[in-house]
Amino acid sequence: FGFQGQTYAIPTKDFEICTLPLDNIEYYIYCFLTEVKEYPSTEFLLTKIGCGLAGYSEEEIAKLFKNKYIPENVTLPESFYNIINS
């Protein structure tokens, strides 16, 4: 997890390719949101993490961002915003 070249990796699976529990993913989201504040001039476009091979729904993942400070340089998927703000 963390910075990988020009991207930031938020894991949703472990080293054995098993899906991580939501509370573990929430921890990595917290790390992401904390670290990107240090790079205000860099734009971070988040994909629908965890909604493919990890098998979580958009609602389950989007709720992990609810009530968290999302820096201005982070853009969530539109569907995440819709869920968070509903």
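The values are calculated or read from the model by the stated rules, or taken from the named source; none is laboratory data. Computed from a predicted structure; not experimentally measured. Note: ideal-geometry Cβ built from the backbone for every residue, glycine included; neighbour counts use all protein chains shown. SASA here: full protein model, heavy atoms, side chains in, ligands and nucleic acids out. Shrake-Rupley method; radii C 1.70, N 1.55, O 1.52, S 1.80 Å.
Within region 4-22, residues that are within 20 Å of Leu45 (Cα to Cα) have Cβ atoms under 6 Å from residues that are among the hydrophobic types (A, V, I, L, M, F, W, C) and open to solvent by 80 Å² or more (accessible area, probe 1.4 Å) in these pairs: Ala9/Phe1; Pro11/Phe1, counting only partners at least 6 apart in sequence or on another chain. Within region 40-51, residues that are more than 17 Å from Pro71 (Cβ to Cβ) sit with their Cβ atoms under 8 Å from residues that are open to solvent by 20 Å² or more (accessible area, probe 1.4 Å) and part of a loop (DSSP other than H, G, I, E, B), at 6+ positions apart or across chains, in these pairs: Gly50/Thr12; Gly50/Tyr56; Cys51/Ser57. Total residues in region 14-52 satisfying the condition of being in a loop (DSSP other than H, G, I, E, B) and open to solvent by 70 Å² or more (accessible area, probe 1.4 Å): the figure is 11.
Condition check for Pro11 on (1) modelled with pLDDT under 95; (2) part of a loop (DSSP other than H, G, I, E, B): one failure, at (1).
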